Every structure is written in structure tokens, then in C-alpha cells.
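Visitor: Please read through the structure below; I'll follow up with questions.
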Amino acid sequence: MRRRLNQTILLYVGGLIVFTSLIILVNVWISTTEHARNQLRNDLSVGQAITQRILQNREQQLATSAQVLTDDWGFKQAVVQALRDKQTMRSVLLNFGRRINVDMMAVIDVNGTMVFDRDNIPATFSQQAASMAQQALFGGTQTQILHSDGKIYQVFLLPVKAPNPIAVAMLGFEIGLPLLRELSTISQLDVSITLTHNQLTQRLLSTLPADNHVAQHEPDQLNWINIALFNQQVFAAQSALLSQHDQQRIELQLSENVQQLFAGFSRLQLQISIIALLCVLLAVLITAIIARRVTRPIRNLVNQSSHIAHGNYRHLSETDGSLEVNELTHAFNTMQDNIQNREAQIRFQAEHDLLTGLNNRNALSAHITGMFDQQQAFQAIGIKVRGFRNINDVFGHQNADLCLTILAQRLAQQTAYCARTAGGEFALISPRGCSDEQLGALLRDLQAPVLLGNVEYRPAIALGYLDCPQQADSTEQVLRRLHIVLDDPRQKDLPWVKFDVQLEQDYLRRLTIISELKLALETSPNQFAVHYQPKINTQTGQCHGAEALVRWTSPTLGFVAPDVFIGLAEQAGIIHQLTFRVLQQVIEDSHNLERAGYAICIAINLSAQDILKSTIVDQLISQVKHANLSGKHISFELTESDLVSDATTAITQLQRLRDAGFQLAIDDFGTGYSSLAYLRSMPVNTLKVDKSFVLKLDENAADRQIVQTIIQLAHSFHLDVVAEGVESWNSWELLKSWRCESLQGFYIAKPLTFRDFTHWLEQQEQP
Ligand code: C2E
Ligand code: CA
Ligand code: CA
């Protein structure tokens, strides 16, 4: 079991103090007890010496008196008379006895017969006396302590000499209670006389209280337990033998009341015990206080640690405890500061975009979730830099980052919540929503030129928005639909796109098309066919070229128009695979045409991504060369808008194609708002007027004006002109009159399969 620190301190220090106190207490107890026992022993020995002395003195006095009596002539006479006539001398002997206060008096003749017995001495006693009388006759005065009938006597047997011993006088002095009291007074001890007969001891006389519950102990057997604990009088006793005869022992016993003796010591012991107890209590109290003082700062640290786990930081006082604890508290506070700073940093990084400092996608999600939780309506606006990947490729990462940072600064000016959600994508959350004017102002602000190195770059911004919660009611849905809105193809044509459900369906369809397209290009290239639309020379009416137009029939999606899947292939970054698929087919068909004797130049459409990558341009050139074909057989078309996005790179790559001998045409001219002057710098030799101007040429005067001007200007720059979308004889005639070099359109022929195209060519040759 784990104990608290203060409990441990209390246990050890308190335990030590209790232990020490107990040792002292026990020692005091033992030594006082020992001291008391010695005192007892001493008292008893001194008492014994005194009583013995007193008894001896008394014996001598009595012996002297007895001797004086027996030496008395009258007494001797009385004894002689008594030996003759027992009765007559009786009164005389009694008188003598009264003179010295004898308690027992008898005369025994030389035969051992009791001739005079004042006190009716019992037979046992007289037998004993008779044997002692014999010893007295020959050995002189005999003395003995004897017991008779419950009484104790100091008995003297003296020979009565006249002058020879004629009898023995027996004189007994009772040792009674008064004597014992006297002894007791002098020795300050209780005095008893005991008789032991046949192992049975009885107290004959005693100054002890007549209480049966008197425990007698040898001093050495005494211990503090039987002194302190038994509720009875305890005495220590010591005996001295007075006489022994025929298995009878008469002893003088001295006793001292142990409890009285111990009373003083017990008080001392009690006082010491109380002091020890108080010391223990005090020590425990002080230890508890110290332990608390020591552990409180530590406990505070422990408590604070659990607060830290819940993210609550609080400085603890550094003056509460000992030096070490204060140092620990200081270190702890510093640690808290560090953790807090690091946490703030981590939180900032977790919620912010490191490049722009704007909120990141996670923070945006949390913000949107918060808006939903508060049931607050808002407008979510998505912003995307179109062709951001190109900025990276063309201007380098540093400049691309710079561009994003500048855009972020512009966005940060907005009152709405703004975040960067992906590479070139941002989002604004506006609780009030933006009017069309505000959206327009935002767009203008974002599309303002950005200086990247020495180049002024105008970011192309796609903008879209949705109103929540009407158009999305969960965070995930908001983010997904913002992406859909920004991905919408109409972004090219509209200033911004507002979300509607159709967009999502279109988006899903686009996703399906992209995945099917990828699969088809990788696994079944024969899903793609190339059709050829002839171009004829206005002057000769002869077909001199054709445009290769790709057709895709998917087993799952059916026929998919190129306008749909070409854009998606560009978005998905797989357009070059399609280009090479077309090139491969064109090479094959070119060979066939050549073999059939036709001199036809086939134009292949390239996309911006094809032309901006030098490796693809390399491959195009080498594959054509490898097929033993040349610029006579194959040419390329590029849309005007593709060339504008990154003119510098485009020019370099176009120049390489020109150098390799290929004819290059600018496609869809008139839709890209670029000036012809600008196109002069392009290494191209043909210009294709966009079909939107040609289709209604015979009806629309403005179109006629435009097309005529374009043709004239193109000629002034030495460019050939191809008009596409020729659907009528009138258009043909007009274009011919304006000296347009080539014509292409349904009026001449629709895009044809290769078989149909060769048939068509055959028919053309027939007059
Ligand atoms: P585009 O390069 O402008 O191709 C000419 C488009 O005009 C073709 O549409 C053609 O069928 C259509 N057209 C030609 N004459 C007439 C006419 O008299 N009236 C009308 N209304 N339309 C006419 P298509 O084949 O649907 O191709 C659409 C676009 O797809 C092409 O426009 C081109 O940009 C792209 N495309 C087609 N094939 C390829 C390809 O292999 N590679 C690339 N990168 N783009 C391709
Ligand atoms: Ca074209
Ligand atoms: Ca075109």
C-alpha cells in the first residue's frame, strides 16, 4: 500500500518519538521497581537484625531473671519440699512465679517426671520438656521457643542445684501480640510468627491486618505487574527460624507493605508516563505540522499537474516551502510557461496556414461547424487561382508563394473570416453575405496585377459561392460544394458561379468521365477514333489538308463529345496521352494517304499543357521523324487563349516546332481578345478564324466586317488564313472574295472517318 509523504514522515518521526519515549518509560519503570525492590530487601534485613537483637536481649533478660529465681534459697527449698509433697509447696512456687511474671511454670524431677505443673501443660509439650530437662540437668540452662496450644513461649529449663541438681525448673514467657507490636514499632515492619507443621504453615500471631487477601511474596518475586495490577494488599516477607523441633518450625516473619513503599515510585512513574505521553502527543502534533508544511507545496504541485493535463495553467507561489521545494516550484512554473508557449505555437500551427498566416482548412471546418451549431446563416465563398500549377511551373515556387501571400493579404482586408484551403484555393465565410457589387469589387481587387520578379502577373481568379444552410447543411457538404463550384467549367466564362444542385450532378459526371478516360487511355486506346475534316484551297477548290478530330465512344458512357472530355483530360493532366494517341493514328493514316498518292497535311490540335512542356514537344518531333514523316504531312493547331497564358514559354516551344519544319496555326482566333500585333511575335504561319464569326457570315454584317478585317490584317503580317465553320455557298463566296486561303466546314465536309475521308478524296478527284 502506498502512503502519502506526510503520513510517512508522521509514521517514522512520530514512531521514533513514541519508541524512544516507551524505552525511557520502561527504563524508568524497571529502575524504579528495582530500586524499590532493593529498598524492600534492605528494610527487611535491617528489620530482621533489629528484631533478632531485641529477642536476644529479651532472652538474656529473661534468662537472668530465671537464674535469679532458681538460685533463690527459698525457691530451692520450695522445690525440695515439692519433690516430697507436691501439694504443700504449690502456693510457694506460685508466688515465686508471680515475682518474675512467668507465663508457664513447671518443675521436673531428675527422672523427667513433672512434679509441679502450674498451667496444665499438654502432654506433647511435657514430653518435649522432659527431654530438654535431661539436657539441662547435665548441660546447664536450656532455652527454646516452643508452641503450645496455639501460644508461643520462650521456655527456659534451669537445673535447681542443692548443691547437686535435684530438679529442673521450667519457666515459660509467652511471646504474645504486645511483643510483636513492640517489634513492629521498632522495625517499622509488620511482624508475624508462623508455625509450619507437616508442610502446612499457619500464622499464629501477627500485626498484619486480619485480611485473608494478603499476598505475600519474596522480594525477588515481586514485579511491577503484581504490584500495580492486583487490587489487594501485597506484602513482601522474610522469615527467620526461631526453633525447629519434630518437623515443627516456628518462624518470625517480617513483612512490609509493598504498595505503600511503591506509592512514591508509582507517582513518579505516573508523572513520567504523563510527561512521556504529552511529549509524544506534542511530537506527533509538531511532526504533523512539519509534514504538512513540507508536503503542502508538493501536493500543490501534484494538483497543478492534473490541472495542466486539462490545459489549466496557474503559477504557484515560490515562497511557500523549503529551498528545494521552492526550486522545484520555480522549475515547475518555468515548465508550465514553456508548455503553454509551445501549446500556443502548436495550436497556432494546427489552425493556421504557415505560408500566408491565414486560417487553415481545419480551422475553417471548425468555424463552419461553429456557425451551424449556433444556427447562424452565412455565405461561403470559394476563391481559386486558375492555372496555379502553371504559376509554379513558370515562375518557380518562390514566386508562386509570393503570389499566394499577396492574395492572402488582399483577402485579410475583408471583414469576413478567411482561410486558405489548398494550394491556390481560399475561402471566405461571410455571415451577412456579399452583394453582386461586393463580389465584383472582391474579384477586381484579387485580380489586380501582382509583381513576380520583374513580371507583372494578373491572377485569373475563379469565384463561387453558396448560401448556407439552404445550399449545404454540414461542414463536409460546404467544403465539397465549394470545391464543385470552383471546379465548374463555366468559371471560364462567368465572373463567378453560384452553387445549384445541377452543378453537383455535373461534377459527379465529370469525375466519372475522367476516371473512364484514364482507364481507356491506359487499357483500351481503340475506344478512340480519329476523324478528318477536309480543308480546301479557295483558289483551286482542291483539298490540301485536313484537321484531325478525336472521337471517343466509351462502353459505359457511350459517345462523349470532345468539347466535354478534352477539357477534363486537361484538368486531369492526361491530355498528352490523348495527343500521342491521336498522333499515332495520324501517322498511320498519313502513311496510307501518301501511299494512295495524296499530298494532304493533317493538322493535329495541341493543348496548352502539350506546348508548355519541352519533353512533350521533343517527343512529338522525334515520333514524327521516326515515322519518316515531316512538316509536309503533319501540322499543329493551338488555341489563341492557350498561347496567351504563358507567352514566353509558348514562343520558345513553338519556335522549336517551326524549326523542325512544322506549320503552326492559331486556332479559334477572335475569341481570346488578343491583338494581332501581339500575335506577330508568335512563330506561326496560319490563322484560323473562329467558326463563331463564320457560321452566320451571310446574315450578320458585323461578322462580315470582323472576318474581312482579320483576313486583311493577317495578310499584312504574311499569315495564311483558314476560315472554319463554312456552312454555306454564300460564306464560301464571301471568303473567296476576301482572299481567304483555306476553308473548312460542314458545307465542304463534316469530320469523316478515315475510310469516308479517302472516299471523299476519291470523289473530289473525279471531274
Ligand atoms: P476545334 O479545334 O475548333 O475543331 C473544330 C470543331 O468545329 C470540331 O468540333 C468540328 O466538328 C466543328 N466544325 C467544323 N466545321 C463546322 C461547321 O461547319 N459547323 C459547325 N457547327 N461546327 C463545325 P469537334 O470535333 O466537336 O471538336 C471540338 C473541339 O475539340 C475542337 O475544336 C478542338 O478544340 C477539340 N479537339 C477535337 N479533337 C482534339 C484533339 O485530338 N486534340 C485536342 N487537343 N483537341 C481536340
Ligand atoms: Ca482546331
Ligand atoms: Ca477551331
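The values are calculated or read from the model by the stated rules, or taken from the named source; none is laboratory data. Just so it is clear, the structure is predicted and the values come from calculations on it, not from any experiment. Virtual Cβ from ideal backbone geometry, glycine too; neighbours counted across all protein chains shown. Keep in mind that these areas ignore ligands, DNA and RNA; they rest on the heavy atoms of the full protein, side chains included. Shrake-Rupley method; radii C 1.70, N 1.55, O 1.52, S 1.80 Å.
Visitor: On full extension of the chain, what length is gained from residue 733 through residue 526, given 0.36 nm per residue of separation minus the C-alpha to C-alpha distance?
Guide: Working: separation 207, 0.36 × 207 = 74.52 nm, distance 3.96 nm.
Contour length minus Cα-Cα distance gives 70.6 nm.
Visitor: While we're here: If the viscosity is 1.306 mPa s and the temperature 10 °C, what translational diffusion coefficient in µm²/s does Stokes-Einstein give for the range 540-589 when Rh comes from Kirkwood over Cα pairs?
Guide: The calculation lands on 126 µm²/s.
Visitor: Could you quote the convex hull projected area for the range 291-351, Cα atoms only and averaged over all directions, in nm²?
Guide: Approximately 4.0 nm², given one-decimal rounding.
Visitor: Calculate what fraction, in whole %, of the accessible area of the range 291-351 sits on carbon and sulfur atoms when a 1.4 Å probe is rolled over the protein chains.
Guide: Carbon and sulfur atoms account for 54 percent of the accessible area of the range 291-351.
Visitor: Once you put a point 7 Å from the Cα of residue 551 and another 7 Å from the Cα of residue 141, both along the Cβ direction, what distance in nm separates them?
Guide: Placing both labels 7 Å beyond Cα along the Cβ direction yields 17.5 nm.
Visitor: Which percent, nearest 5, of DSSP beta bridges in the chain are antiparallel?
Guide: Once the DSSP bridges in the chain are tallied, antiparallel ones form about 75 percent.
Visitor: Leaving ligands, DNA and RNA out of it, report the carbon-plus-sulfur percent of the accessible area of the range 72-175 at a 1.4 Å probe.
Guide: Taking all protein chains in place, the range 72-175 shows 47 percent carbon and sulfur surface.
Visitor: Can you send over the solvent-accessible area of residue 704, 1.4 Å probe, protein chains only, in Å² to the nearest 10?
Guide: Near enough 70 Å² of accessible area.
Visitor: Let me ask something else. Please work out the Cα convex hull volume for the chain and give it in Å³ per residue.
Guide: Cα convex hull per residue, to the nearest whole number: 320 Å³.
Visitor: At q = 0.25, 0.30 Å⁻¹, work out log10 I(q)/I(0) for the range 414-462 with the Debye formula, treating every Cα as an identical point scatterer and leaving solvent out; two decimals please.
Guide: Debye intensities relative to I(0), on a log10 scale: -1.08, -1.20.
Visitor: Considering all alpha-carbon pairs of the range 1-95, what whole percent are spaced by more than 17 angstrom? Before the final figure, lay out the partial values.
Guide: On the way: 3381 of 4465 pairs.
I get 76 percent for the Cα pairs in the range 1-95 exceeding 17 Å.
Visitor: Next up: Please give the FRET efficiency for residue 296 paired with residue 342, using the beta carbon to beta carbon distance and R0 = 30 Å, rounded to the nearest 0.05. Mind dumping the intermediate values first?
Guide: On the way: r = 29 Å, r/R0 = 0.97.
So the FRET efficiency works out to roughly 0.55.
Visitor: Summarise the accessible area of the range 513-761 (1.4 Å probe, protein heavy atoms) by the percent that is carbon and sulfur.
Guide: Heavy-atom surface of the range 513-761 belonging to carbon and sulfur, 1.4 Å probe: 51 percent.
Visitor: Just reorder 543, 403 by solvent-accessible area, largest first, 1.4 Å probe, all chains present.
Guide: 543, 403
Visitor: Separate question: Under the Kirkwood approximation applied to all pairs of distinct alpha-carbon atoms, what is the hydrodynamic radius of the range 384-428 in Å?
Guide: On the way: mean 1/r = 0.0924 Å⁻¹.
The answer is 10.8 Å.
Visitor: With a Förster radius of 56 Å, plug the Cβ-Cβ distance of residue 595 and residue 448 into 1/(1 + (r/R0)^6) and report the FRET value to the nearest 0.05.
Guide: The calculated FRET efficiency here is 0.45.
Visitor: Please compute the Kirkwood hydrodynamic radius over the range 361-499, one decimal place, Å, based on all pairs of different Cα atoms.
Guide: On the way: mean 1/r = 0.0655 Å⁻¹.
Value: 15.3 Å, from the Cα pair sum.
Visitor: A further question on this structure: Taking the simple approach of a point 7 Å from Cα along Cα-to-Cβ for both residue 94 and residue 563, what is their distance in nm?
Guide: Calculated label separation equals 17.9 nm.
Visitor: Please identify the trypsin sites (Lys or Arg not before Pro) of the range 1-40 that satisfy two criteria: DSSP loop assignment and at most 15 other Cβ atoms within 10 Å. Which are they?
Guide: Of the trypsin sites (Lys or Arg not before Pro), the ones in loops of the range 1-40 whose Cβ has at most 15 other Cβ atoms within 10 Å are 2, 3, 4.
Visitor: Restricting attention to the alpha-carbon atoms of the range 618-667, what are Rg (one decimal) and Dmax (integer), both in Å?
Guide: In order Rg, Dmax, the Cα atoms of the range 618-667 give 11.3, 33 Å.
Visitor: Do any chymotrypsin sites (Phe, Trp or Tyr not before Pro) in the range 248-323 lie in a loop, going by DSSP, with at most 14 other beta-carbon atoms within 10 Å of their beta carbon, and if so which?
Guide: 313
Visitor: Ranked from the most accessible area to the least, with a 1.4 Å probe and all protein chains present, what is the order of 275, 461?
Guide: Highest to lowest solvent-accessible surface, that is 275, 461.
Visitor: Students often forget the sequence filter, so: which lysines lie under 30 Å Cα-Cα from residue 736 once same-chain residues fewer than 8 apart are removed?
Guide: Cα-Cα hits under 30 Å: 535, 632, 688, 691, 696, 750.
Visitor: Sort 480, 314 from largest to smallest accessible area, using a 1.4 Å probe on the heavy atoms of the protein chains. Walk me through the numbers before you get to the answer.
Guide: Working: 480 90, 314 125 Å².
Order by accessible area, largest first: 314, 480.
Visitor: Which Rg and Dmax, in Å, describe the Cα atoms of the range 429-487?
Guide: In Å, with Rg to one decimal and Dmax whole: 14.6, 46.
Visitor: Here's a follow-up. How much accessible area does residue 71 have with a 1.4 Å probe, in Å² rounded to the nearest 10?
Guide: So the heavy atoms of residue 71 present about 90 Å² to solvent.
Visitor: Could you state the principal axis extents of the C-alpha atoms in the range 684-767, from the largest down, to the nearest angstrom?
Guide: 37, 30, 23
Visitor: Relative to the longest principal axis of the chain, what angle (0 to 90°, nearest 10) does the C-alpha long axis of helix 73-84 take?
Guide: 80 degrees
Visitor: I've got another one for you. At a Förster distance of 35 Å, what's the computed FRET efficiency of residue 149 paired with residue 263, Cβ-Cβ distance as r, to 0.05?
Guide: After rounding to 0.05, the efficiency reads 0.30.
Visitor: Report the full-extension gain for the segment residue 27 to residue 759: residue separation times 0.36 nm, less the Cα-Cα distance, to one decimal in nm.
Guide: Contour length minus the Cα-Cα distance gives 250.0 nm.
Visitor: Could you pull out every one of the lysines with an alpha carbon less than 25 Å from that of residue 76, ignoring same-chain neighbours closer than 8 positions?
Guide: Excluding near neighbours in sequence, the set is 86, 161.
Visitor: Using only Cα atoms, what is the ratio of the radius of gyration of the range 72-175 to 2.2 N^0.38 Å?
Guide: Ratio of Rg to 2.2 N^0.38 Å for the range 72-175: 0.96.
Visitor: Let me know the volume per residue of the alpha-carbon convex hull for the range 513-761, in Å³. Each step should come with its number before you reach the end.
Guide: Values: hull volume 31.1 nm³, N = 249.
With only Cα atoms used, the range 513-761 gives 125 Å³ per residue.
Visitor: Which value, in Å², gives the accessible area per residue of the chain when a 1.4 Å probe is used on the protein heavy atoms?
Guide: Accessible area per residue: 52 Å².
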